[in-house]
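Step one of this worksheet: look at the structure below.
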């Protein structure tokens, strides 16, 4: 059962985000480094602990192998793989000693709005990992290499010009990352090719993100958006591969995992934040979805397992 709240009202965020912090003397908004540089600068235990950055990560593996977890799912990365994690997603690095590559960190606001919209940079429902080959791999590698070189050329150009160059080069990179397969690949419309269905899905997706702690009923979203429930389900199935109810429940499950990993609140408090009428119903929901109890999941994640998902 779901505790009824008015759509658009509810508890504020609980999980603290890791904010972007520019290196001393560097422009704010973007940073480019090698994995070797990351190993030399970051605390290994801190990287291995689940955290929730408020900025984007673009990680390209050049050699070796790395396991990176995004929203409690492990992704083995090998040469040719490009990982893109979005702000607010829970992530942690695996053992960095077995891989070399390059990492780009950037804030959403660093890009111009047109590029951000075209690349749909906040679409955290998309696949976090893409395997690139051929022309797509060469395009991303060239864009990443040029961005890395320009980032290291601080002082060659006036600072405002340097920032503009970085912004344009990052735009090239994220657009190539968003559309690795050309017109038919990357981030495209829904599977049925219908622009109307794609718009319906995007409206539903945004409504779920806003209101999933208030309702898990497809009928509530259909009513607030002005669609029939079947229309929402068809559009969501075409775009995301699952029905509307499954889409909502996956989002609730993900937030439950985030809250369990990042806080010490009891199940009753988390149940209330997510709109359940009591802890028992929340526990039943979580165990049915995740295959384990909330407490067992928290114990596994904090023990560094990160494999429950």
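Under the condition of being assigned to a helix (DSSP H, G or I), more than 23 Å from residue 87 (Cα to Cα) and touching a helix residue (DSSP H, G or I) at 6+ places or on another chain (Cβ under 8 Å), the residues counted in segment 136-164 number 5.
Limited to segment 262-286, what total is found for residues that are closer than 17 Å to residue 71 by Cα and out of contact with any helix residue (DSSP H, G or I) (no Cβ under 7 Å at 6 or more places or on another chain)? Show your work before the answer.
Just the residues of segment 262-286 that are closer than 17 Å to residue 71 by Cα, to begin with: 262-263, 286.
Next, only the ones that are out of contact with any helix residue (DSSP H, G or I) (no Cβ under 7 Å at 6 or more places or on another chain) stay: 262-263.
Total meeting the criteria: 2.
Let's see how each residue does on (1) at pLDDT 70 or above; (2) within 30 Å of residue 220 (Cα to Cα); (3) within 20 Å of the chain's Cα centre (by Cα):
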{"position": "4", "(1), (2), (3)": "no, yes, no"}
{"position": "32", "(1), (2), (3)": "yes, no, yes"}
{"position": "42", "(1), (2), (3)": "yes, no, no"}
{"position": "55", "(1), (2), (3)": "yes, no, yes"}
{"position": "71", "(1), (2), (3)": "yes, yes, yes"}
{"position": "79", "(1), (2), (3)": "yes, no, no"}
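When segment 230-253 is filtered for residues that are farther than 22 Å from residue 274 by Cα and surrounded by fewer than 17 Cβ atoms within 10 Å (Cβ to Cβ), the ones remaining, listed by number, are 230, 241. Restricting attention to segment 250-274, the residues being within 21 Å of residue 89 (Cα to Cα) and outside any helix (DSSP H, G or I) number 4.
Determine which member of the set 172, 161 is buried (at least 17 other Cβ atoms within 10 Å of the Cβ), over 16 Å from residue 237 (Cα atoms), assigned by TED's automatic domain parsing to the domain that holds residue 135 and modelled with pLDDT of 90 or more. Before you say what the answer is, go through the steps one by one.
Numbers: 161 fails: buried (at least 17 other Cβ atoms within 10 Å of the Cβ).
Selected residue: 172, the only one of 172, 161 that is buried (at least 17 other Cβ atoms within 10 Å of the Cβ), over 16 Å from residue 237 (Cα atoms), assigned by TED's automatic domain parsing to the domain that holds residue 135 and modelled with pLDDT of 90 or more.
Assess whether residue 60 counts as being outside any loop (DSSP other than H, G, I, E, B), touching a residue at least 60 places away in the same chain (Cβ under 8 Å) and not assigned by TED's automatic domain parsing to the domain that holds residue 249. In short, yes. Residue 97 meets the conditions (1) touching a residue at least 40 places away in the same chain (Cβ under 8 Å); (2) crowded, with 16+ Cβ neighbours inside 10 Å; (3) touching a helix residue (DSSP H, G or I) at 6+ places or on another chain (Cβ under 8 Å); (4) over 30 Å from residue 203 (Cβ atoms) in every case but one. The failed one is (2).
The values are calculated or read from the model by the stated rules, or taken from the named source; none is laboratory data. In this text, all values refer to a predicted model and were calculated from it rather than measured experimentally. FYI the Cβ positions are ideal-geometry reconstructions off the backbone, even for glycines, and counts take in every protein chain you see.
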